[in-house]
Amino acid sequence: MVIHDPVEDSQHHRRVIACNDPTAANQKTFAQYEQEGWQRNAPTYDTIDLPTTRQAVPSILNALGNLQGLHLLELASGTGYLAQQAVAQGATVTGIDFSSKMVSLAQQRIPSGATFLVGDAANLPFEANQFDAAVCSFGFTHFAESQTVLQATARVLKPGGTLAFTIWPEPDPNNNFFGLIKQVCRTHATMDVDLPPAPSSRALADPTIRKTMLTQAGFKEISTQTLDLQWPLQGPKTMVEFILKGSVRTHMLYERQTREIQAKIQEALVAATMPYIQAGQESIPCPALLVTASLNPL
Ligand SMILES: C[S@@+](CC[C@H](N)C(=O)[O-])C[C@H]1O[C@@H](n2cnc3c(N)ncnc32)[C@H](O)[C@@H]1O
């Protein structure tokens, strides 16, 4: 287990020490913070995050081919937008998400054709060989145990079943939306704060680690595609709003800063956003990776 936050892995060692300190023994786990964070963000998810994540949905569904009659598992189903599109194309969807608030929003969005359960993607409550395909839109960065999730998914997929998922590329060499946020945090935030031990958010973004993880879970025919997503600008405080109401990992770091540092971070985020606004742009580039992989047919 390593420590990671959205800013920089080079800070791991200091935080490993902090988190192994016995005084930190009663600290909540990364998974608990994640769950609480998504409960907190659920009411604002569709205005802050979904305008970006929804752009990946057509590509994720295209990767599965014809959806008519397919039984699709969706991991980290959020507010149900992807499931709604899949149902419209003829699939039956079972979504699982560990935020009960996300699950109720998804249930409200799709009254029929999809079932949503509150549960952990690492511990899927399904019989083996149930699903034709599985999808996960921007969930893997948030799982405490990605390898366990991959193995659990492989168990419940039918032979030959496909998994398609999206993640953010890390590091982002072009300093796009998340790159700018990291740069601001790296410059202004105190990194030596008491963050819970967490998996690296970079693991599946690294081609070698990705191949190893997917292969160990039984997946083959791994392919990757870059999706040119854009983060829509909703004024100078777009990135500030994302940290406050749309993020979990970055929020964990932000809320551990002093008020003075928080103010500096906010100011720097606005300054980083202004050139896009002044140039008349409506969004900041925010590329994503779409990964598809399949199990061996029988
Ligand atoms: C960034 S949101 C993505 C939501 C949606 N898939 C989308 O693309 O808009 C991450 C989601 O993962 C869920 N999540 C995180 N860890 C989870 C876990 N271990 N099991 C199930 N859901 C999880 C959160 O509750 C949240 O709804």
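So here's what we get for this one:
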{"quantity": "Failed condition for THR153, given (1) part of a helix (DSSP H, G or I); (2) surrounded by fewer than 21 Cβ atoms within 10 Å (Cβ to Cβ); (3) of a type in the set (S, T, N, Q)", "calculated": "(2)"}
{"quantity": "Answer residue from the stretch 90-105, given it is among the hydroxyl-bearing types (Ser, Thr, Tyr) and assigned to a helix (DSSP H, G or I) and is nearest to the ligand (Cβ to nearest atom) among those", "calculated": "SER100"}
{"quantity": "Identity of the residue in the stretch 79-94, closer than 13 Å to GLN108 by Cα and not hydroxyl-bearing (Ser, Thr, Tyr), that ends up nearest to the chain's Cα centre (by Cα)", "calculated": "GLY80"}
{"quantity": "Condition met for THR52 (more than 14 Å from PHE98 (Cα to Cα), in contact with a Leu (Cβ under 9 Å, 6 or more places away or on another chain) and more than 8 Å from the ligand (Cβ to nearest atom))", "calculated": "yes"}
{"quantity": "Residues located in the stretch 105-135, provided they are touching a helix residue (DSSP H, G or I) at 6+ places or on another chain (Cβ under 7 Å) and touching a residue at least 60 places away in the same chain (Cβ under 8 Å)", "calculated": "LEU105, PHE131, ALA134, VAL135"}
{"quantity": "Filtered residues of the stretch 121-137 (kept if near the ligand (Cβ under 9 Å from one of its atoms) and surrounded by fewer than 19 Cβ atoms within 10 Å (Cβ to Cβ))", "calculated": "ASN123"}
{"quantity": "Complete set of residues in the stretch 215-229 that are closer than 16 Å to PRO297 by Cα and out of contact with any Lys or Arg (no Cβ under 7 Å at 6 or more places or on another chain)", "calculated": "THR215, ALA217, GLY218, PHE219, LYS220, GLU221"}
{"quantity": "Residue within the stretch 136-143 that is assigned to a strand (DSSP E or B) and touching a residue at least 40 places away in the same chain (Cβ under 8 Å) present", "calculated": "yes"}
{"quantity": "Elements of type strands (runs of 3 or more DSSP E) in the stretch 183-298, at least 2 residues being at pLDDT 95 or above and crowded, with 20+ Cβ neighbours inside 10 Å", "calculated": "288-295"}
{"quantity": "Listing of helices (runs of 4 or more DSSP H) fully contained in the stretch 1-85 that carry 3 or more residues being at pLDDT 95 or above", "calculated": "30-41, 45-48, 50-53, 57-62"}
{"quantity": "Residue selected from the stretch 168-179 under the condition within 18 Å of the chain's Cα centre (by Cα) and not charged (D, E, K, R), by the criterion surrounded by the fewest Cβ atoms within 10 Å (Cβ to Cβ)", "calculated": "PRO171"}
{"quantity": "Lone qualifier among VAL103, VAL93 - being touching a Phe, Trp or Tyr at 6+ places or on another chain (Cβ under 6 Å), surrounded by 20 or more Cβ atoms within 10 Å (Cβ to Cβ), modelled with pLDDT of 95 or more and not basic (Lys, Arg)", "calculated": "VAL103"}
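The values are calculated or read from the model by the stated rules, or taken from the named source; none is laboratory data. Because the structure is predicted, anything quoted here is derived from the model rather than measured. No Cβ is skipped: glycine too gets one built from the backbone with ideal geometry, and neighbour counts run over all protein chains shown.
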